[in-house]
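The numbers here are math on the coordinates, done by the rules we state, and not lab data. All values reported here derive from a predicted model rather than from experimental measurement. Cβ placement follows ideal geometry from the backbone for every residue including glycine, while neighbour counts extend to all protein chains displayed.
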C-alpha cells in the first residue's frame, strides 16, 4: 500500500510541475519496470538527508531514477552496436541501470555513488538480480566518482545527470588518461543529456538518440581511441 501511495505522489508531482501526459507515461513505465525487473528504485532521495563522507553535494543532483523507457532504449541500441559486456554506472543511486543492464547481457557491472544509503539499496537490488544471472560479476563502489579508479576493460558508461559539467569534464580527463595506456572505444549512455556539450569538447560523437514527449531524452556518445591518440 505504501508503494502505491508513493506512486500517486510521484504522479501528482509530474502532473503539477510538467503535464498530465508526461505524468501518465512516467508512472505507467515506473510500475511496469519495477515489476518486470523486481526492483525498488523509484522514489527520489535528497542528498542532504544521506550519509556522504566525501563529495560536494552542491555539484550533484538528488537521486532520481532514470525512466525505464529511455534506459531500455539505450541498452537495446548499445547491445546492437557491438559485443560490449562491461557496464559502469556513474552515480548509480539505487542500482536501477545496473540491474537492467544485467538483463541486457552485460556481465561485468559496476556502480559508483558517494551516498552510503543509495549504495546499500543498489547492493540489495543487485543481489536479487544475480539470482537470475549468476554469471554476472558486479561491484558497488561507495566513493566520490572522481576518486574512482577506471578499469582497463571498461567501455560502456551510464549517467543520468548525477553531477554538474565540471565533474563530467574532470571524469572525461580521467578517461583520456586511461585510454592512453589501454586504447579502446568508449561509449557513454547519457539520459537527459543536460551537459552534452562537455562531451563535444572531448570530441565524442552522438551515434543514437531517443526522445519521447519532449521531456524524455537519451543519447549514446562514442569515441574511438587508438595508439597515438
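Per-structure values
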item	result
Over the stretch 2-44, relative contact order from alpha-carbon pairs under 8 Å, at least 6 apart, %	30 percent
Spin-label model distance (nm) - residue 130 vs residue 207, 7 Å beyond Cα toward Cβ	2.9 nm
Pairwise label distance in nanometres, residue 48 with residue 103, each label 7 Å out on the Cα-Cβ vector	3.5 nm
The stretch 32-93 and the stretch 179-229: distance between their alpha carbon centers, rounded to Å	17 Å
Relative contact order (%) - the stretch 1-135, alpha-carbon pairs under 8 angstrom, separation at least six	21 percent
Length added when fully stretched, residue 180-residue 64, from 0.36 nm per residue minus Cα-Cα	38.4 nm
Gain on full stretching of the segment that runs from residue 8 to residue 120 - 0.36 nm per residue minus C-alpha separation	37.8 nm
Rounded, prolate or oblate (a/c below 1.5 giving rounded, otherwise prolate when a/b exceeds b/c) for the stretch 59-224 by Cα gyration tensor	rounded
The chain: relative contact order as a whole-number percent, Cα under 8 Å and 6+ apart	17 percent
Percent breakdown of C-alpha pair distances by 10 Å bin, ordered from the shortest bin, for the stretch 2-44	30, 57, 13
Calculated FRET efficiency for the pair residue 79/residue 32, C-beta based, R₀ 30 Å, to 0.05	0.90
